[in-house]
Amino acid sequence: MSKRFTIKPFRMHQPMDQKDAQQTWGVLANAIDEIYNRNASQLSFEELYRNAYNLVLHKHGALLYEGVTDKLNAHLLETVKTLAATAEAQLLEHMSQTWNEHQITMVMIRDILMYMDRTYVIQQRRRMVYDLGLHLFRIAVWEHPSVGQRVIDLLLDAIRSERNGFLTDRGQSKAVLTMLQALGQADGTANVYQQDFEQVFLGTTQEFYHAESLAYLSSNTASSYVLKATTRLEEEKERATALTFPNTTEGPLLHIVQTELIERHARTLVDMENSGFAALLRDDTKLQEMRDIYELFARVPSSVDHLRDALADRIKTDGASLISDQEKGAADPPAFVRGVLAMRKKYDEIVIVSFRNEKKAQKRMKESFEDFLNTDARAASCLAVYVDELLRVGLRGATEDQMNEELNKSILVFRYLSDKDVFESFYKQHLAKRLLGGRSVSDDAERAMVSLLKAECGYQFTTKLEGMFNDMRISRETRDKYKSYKRQQEARDASNVVAKGIDIEVDVLTTGYWPSQNVPACTLPDDVQKAIDHFSAFYLDKHTGRKLFWQTSAGAAELKVTFGSLDKPRKHELLVSTYQMCILLLFNDHASLSLGQIRTQTHIPDQELRRHLISLCTPKNRILKKGSKGRGITSDKDMFTFNAEYTSKLKRVRIPLVKETSLVRNEPGGDNSATAHSAAASAPALSAVDGSVPVAVEEDRRHLVEASIVRIMKARKALNHNDLIAEVTRQLSTRFHPTPQFIKKRIESLIEREYLERSESEHRVYMYMA
């Protein structure tokens, strides 16, 4: 059984004439009216879409597009009449509602005319239907003289009211602002939002905060202003988010607020009397207030420089005060270092808490400490005295952790010193006195300090210090051997006067390790000289090829002295220096002696002789009586007599030396001076009273710079002046910072001695001469 197929004739295309097109458009026009009248539920969108499709398909797209334009424009003109007549109190609300209704209307119309958007609009390069509605809304509604400007004024008033603490309807403002952004985006010829609102808004914002900041700052403290400014910034940021400001507005808005509230008043907030950042730095309890200021200023990074400058100035001012106390003699050297450590603790906490431990603040703090500590050599001298005090008495009874903590504090100050060789010179002299006098609290503490110095500056810095410890160890072994040697001699020769008479303990020191003291040996008592000769014979027999030079200026002695009368004697043991021993033993044979006679018989240098005699004549330890009146020694004829009436509650009495400064002022240094500083009495080289670099250190620097220059030039063969200066400075920076002028002088000296020569072709290039 077969199927039948019926073929129908082809239906001819029936074009739509103008009359049909008008009728179809009439249907669409009525539909648009119904949409505007909110009767869209009764419409068939499928039928309307087909009508619009047919109009475009039959080449009536222009009719449809122009008709839609006219229809939309007519409705918008009716709408704007209502808005223009609306009072200010309801205008924002009505504008928001009108915009919302217009959006809904245009979405429906766009859906009906979707086919026209896809074909006719693209082909004819016309606006899309939705964009057309926005364009017409801008022209007919927004640009109406009684609508747009009034809405802008109301928006600005609403924001101003909110800034002044009043509640406003943000929803209305947000809707209008969204409308302005949409109108600008749909119309490429004019950015409505930027031209009509943004520029005016930013200008009024600047005026508002300029006036408010001046008024608030004039009647409040800096801390109150900072809290106010911080609150204002947060409010503006939150408002920008709530009103959906675009990035092009939010960024400039916050910049304007930050400029007016922070940058414009940054200097004032730092310098304000009693409440500014500079004033708060003087009170270490104001950490949170300072942190609030920092966090506000951090919003404008360039403003933080004012805070760092204030920190640096405060540190330098406090440091200058400590130095001034030293210059006036109002504080001793350890007090200076304790002051520096207290400053370091205070400002370190400020940097950590108030500056949030930022790197730049740390750097400025470090540079500021370096600035005032390296004004001269005084800080290095004071630090050496401070460490000496620690290692003599300060660490007594301390645990290992406490010891390490205190020594590490010293290293903190040491790191700030640029002239570390000056500290080394002072430290080495103090160390020598501690080691030779047995005054260290412990060997562990001494070695821990040297280890810390080695970690900071390298092994070369501490080579001589470690050599001093090695000498003391060898000296202890030598003393033990000498004692055994003496006992053996005693056993063989019971009449050996040397072995029986005086016991001596000798420290044999390597010349290169210990501080050089070019002081000629004094004339020792015969019994002491015999004991020395006996030890010399023993030592040189064990070590051939060596020489012994006796440093009588550095020794100490114990004397058994009898005071009082023959029937009531009082015996004491006096702990004295070698010079004092030589002076006192003269009075075994003489009742009284003049200064000149004592000098002739002992050959003690005049300055030291006067110092030691004054030490024996102090009110507390008046072992000798001075014939002349007054506090000083006036001439070589001044007479000294043994004071048999001397009394003391102590069996063993230490006779301290007066300070060197007492002699300079021609003052004997009374009881207080002699007792309080007995252990810390120092030779001239042990302190830098005037802050000058010691002569010995200057000489060492000349040798170090020259050695560095030769070492560099030997490796490079040829080098220009600036590169040589830079390389020498780099190599020596761990010990001191030589000035370019100082290096240049050493270069000239080496050229004169034919270690270097200038290049014939280039005057600023040096050549190494083998």
P15 fails exactly one of (1) over 21 Å from R118 (Cβ atoms); (2) assigned to a helix (DSSP H, G or I); (3) more than 60 Å from the chain's Cα centre (by Cα), namely (2)
Across segment 494-507, which residue is modelled with the highest pLDDT among those that are over 22 Å from E466 (Cα atoms) and open to solvent by 90 Å² or more (accessible area, probe 1.4 Å)?
D503
Please specify each residue of segment 31-45 satisfying the condition of being part of a helix (DSSP H, G or I) and either modelled with pLDDT of 90 or more or of a type in the set (A, V, I, L, M) (or both).
A31, I32, I35, A40
Checked pairs for segment 260-273, first within 14 Å of T230 (Cβ to Cβ), second open to solvent by 10 Å² or more (accessible area, probe 1.4 Å) and among the basic types (K, R), C-beta under 7 Å and 6 or more apart or across chains, list as L261/R232; I262/R299
Which pairs do you get when a residue that is within 9 Å of Y115 (Cα to Cα), found in segment 46-66, comes within reach of a residue that is of a type in the set (G, A, S), reach meaning Cβ atoms under 8 angstrom, with the pair 6+ apart or on two chains?
none
Please state which of the following conditions E236 fails to meet, knowing it meets all the rest: (1) modelled with pLDDT under 90; (2) crowded, with 16+ Cβ neighbours inside 10 Å.
(1)
The helices (runs of 4 or more DSSP H) lying wholly within segment 508-614 that contain at least 1 residues that are among the aliphatic types (A, V, I, L, M), farther than 30 Å from E477 by Cβ and open to solvent by 50 Å² or more (accessible area, probe 1.4 Å) are 578-586
Matching residues, segment 328-357, being open to solvent by less than 60 Å² (accessible area, probe 1.4 Å), touching a residue at least 24 places away in the same chain (Cβ under 8 Å) and over 28 Å from V697 (Cβ atoms)
K346, Y347, I350, V351, V353, S354, F355
Report, by residue number, each residue of segment 530-569 that is closer than 26 Å to K625 by Cβ and free of Cβ contacts under 8 Å to residues at least 12 places away in the same chain.
T562, L566, D567, K568, P569
Go over the candidates L391, L431, L435 one by one and state the one that is of a type outside the set (D, E), surrounded by 20 or more Cβ atoms within 10 Å (Cβ to Cβ), over 35 Å from the mean Cα position of the chain (by Cα) and over 21 Å from S692 (Cβ atoms).
L435
Checked segment 209-264 for anything of a type in the set (G, A, S) and under 23 Å from S173 (Cβ atoms); matches are A211, A240, A242, G251
How many of the residues in segment 54-66 are surrounded by 14 or more Cβ atoms within 10 Å (Cβ to Cβ) and within 12 Å of L132 (Cα to Cα)?
1
Listed residues R299, R308, R314; which is closer than 24 Å to V226 by Cβ and not in a helix (DSSP H, G or I)?
R299
Mind checking which helices (runs of 4 or more DSSP H) fall wholly inside segment 334-435 and carry at least 3 residues that are under 21 Å from S324 (Cα atoms) and not aromatic (F, W, Y)?
359-373, 378-389
Is it true that some residue in segment 271-286 is out of contact with any Phe, Trp or Tyr (no Cβ under 9 Å at 6 or more places or on another chain), assigned to a helix (DSSP H, G or I) and not aliphatic (A, V, I, L, M)?
no
Restricting attention to segment 742-750, does a residue exist that is over 14 Å from H703 (Cα atoms), at pLDDT 90 or above and assigned to a helix (DSSP H, G or I)?
no
Which numbered condition trips up K228, out of (1) more than 16 Å from Y294 (Cβ to Cβ); (2) touching a Phe, Trp or Tyr at 6+ places or on another chain (Cβ under 7 Å); (3) crowded, with 20+ Cβ neighbours inside 10 Å?
(3)
Selection from segment 711-741 of residues that are within 17 Å of E699 (Cβ to Cβ) and surrounded by 13 or more Cβ atoms within 10 Å (Cβ to Cβ)
L732, R735, F736, P738
Can you run down the residue pairs with Cβ atoms below 7 Å, 6 or more apart or on separate chains, where the first is in segment 711-725 and in a helix (DSSP H, G or I) and the partner is open to solvent by 40 Å² or more (accessible area, probe 1.4 Å) and among the hydroxyl-bearing types (S, T, Y)?
M713/Y768; K714/Y768
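The values are calculated or read from the model by the stated rules, or taken from the named source; none is laboratory data. Worth saying up front: this structure is predicted, and the values here are computed from it rather than measured. Cβ coordinates were reconstructed from backbone atoms using ideal geometry, including for glycine residues, and neighbour counts include every protein chain displayed. Note: areas computed on protein heavy atoms with side chains; ligands, DNA, RNA excluded. Shrake-Rupley method; radii C 1.70, N 1.55, O 1.52, S 1.80 Å.
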